[in-house]
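For reference, the structure is listed below as structure tokens.
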Amino acid sequence: MKVRSPWSLSILAMGLSLIVSCASTDMGITTKVKSSFVADDLVKAAQIEIATHDGVVTLTGNVDSTATKDRALGLARATKGVVNVIDMIPARTASGGGDAPEPARTIGEAVTDTGITMSVKSRLLEDPQVKGLRIDVDTRDGVVFLTGSVGSDAEMQKAIQLAKDTKGVLDVKSNLTLQQS
């Protein structure tokens with residue numbers, strides 16, 4: 001049996017502590033959630049994007065059924081270190097109530113959502129009160145989702161108002177958080 005030197009044991013201990021500490025970081029939480037999606041038979045990991053900030057996991061993307069959406073939310077909530085899960089996943093369903101493989105909208109509507117996203121992002125970047133680089137904009141069926149961090153309540157309200165005042169926006173869902181100074 002080979003005896004390890006004190007140096008090799010301390011390096012091993014440092015490596016283990018690094019792995020344990022990374023697991024509780026936002027990146028570690030994101031990795032754990034993504035891994036649970038990959039291991040699951042129902043959830044298609046490639047359909048869902050995961051962003052984590054201060055233990056709050058935001059899920060975006062499109063899934064084919066409400067069962068898949070519910071499963072993804074459950075897996076994320078069950079992940080160690082997750083404080084909260086923000087659901088921004090629309091499930092594609094047909095108007096008759098059954099599952100549908102594609103969303104019920106035309107190419108023109110998809111382009112409109114992209115155009116709205118670009119318009120809102122441009123307005124956020126142009127405004128001197130708002131730090132637009134720290135805000136992610138996503139639009140689905142005319143509903144704008146704002147995610148990120150802001151420095152003040154006034155900045156948050158200004159970002160929301162800029163989005164609401166953009167042509168084509170039907171509603172704004174804010175998932176903005178106040179950054180602690």
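What follows draws every value from the coordinates through simple rules; no lab data is involved. Computed from a predicted structure; not experimentally measured. Here the Cβ positions follow ideal geometry from the backbone for every residue, glycine too, while neighbour counts run over all protein chains shown.
Things worth noting here:
- Condition check for GLU49 on (1) outside any helix (DSSP H, G or I); (2) farther than 17 Å from SER174 by Cα; (3) touching a residue at least 24 places away in the same chain (Cβ under 8 Å): one failure, at (3).
- Within region 40-83, the residues that satisfy the criterion of being farther than 21 Å from LEU176 by Cα and charged (D, E, K, R) are ASP40, ASP41, LYS44, ASP64, LYS69, ASP70, ARG71, LYS80.
- Selection count where residues are part of a strand (DSSP E or B) and within 19 Å of LEU178 (Cβ to Cβ), scope region 125-143: 3
- Residue in region 124-137 that is acidic (Asp, Glu) and in contact with a Leu (Cβ under 7 Å, 6 or more places away or on another chain) present: yes
- Residue that is surrounded by the most Cβ atoms within 10 Å (Cβ to Cβ) [pool: residues in region 126-151 that are in contact with a Lys or Arg (Cβ under 9 Å, 6 or more places away or on another chain) and of a type in the set (A, V, I, L, M)]: VAL144
- Scanning region 25-43 for residues that are among the charged types (D, E, K, R) and either assigned to a helix (DSSP H, G or I) or surrounded by 16 or more Cβ atoms within 10 Å (Cβ to Cβ) (or both) returns ASP26, LYS32, LYS34.
- Looking only at residues of region 149-181 that are in a strand (DSSP E or B) and without any contact (Cβ under 8 Å) to a residue 40 or more places away in the chain, we find that the one that is nearest to GLY55 (Cα to Cα) is LEU178.
- Cβ pairs under 9 Å, 6+ apart, first in region 117-141 and among the basic types (Lys, Arg), second surrounded by fewer than 19 Cβ atoms within 10 Å (Cβ to Cβ) and in a loop (DSSP other than H, G, I, E, B): ARG123/ASP165; LYS131/GLY151; ARG134/GLY151; ARG134/GLN179; ARG140/ASN62; ARG140/PRO90; ARG140/PRO103
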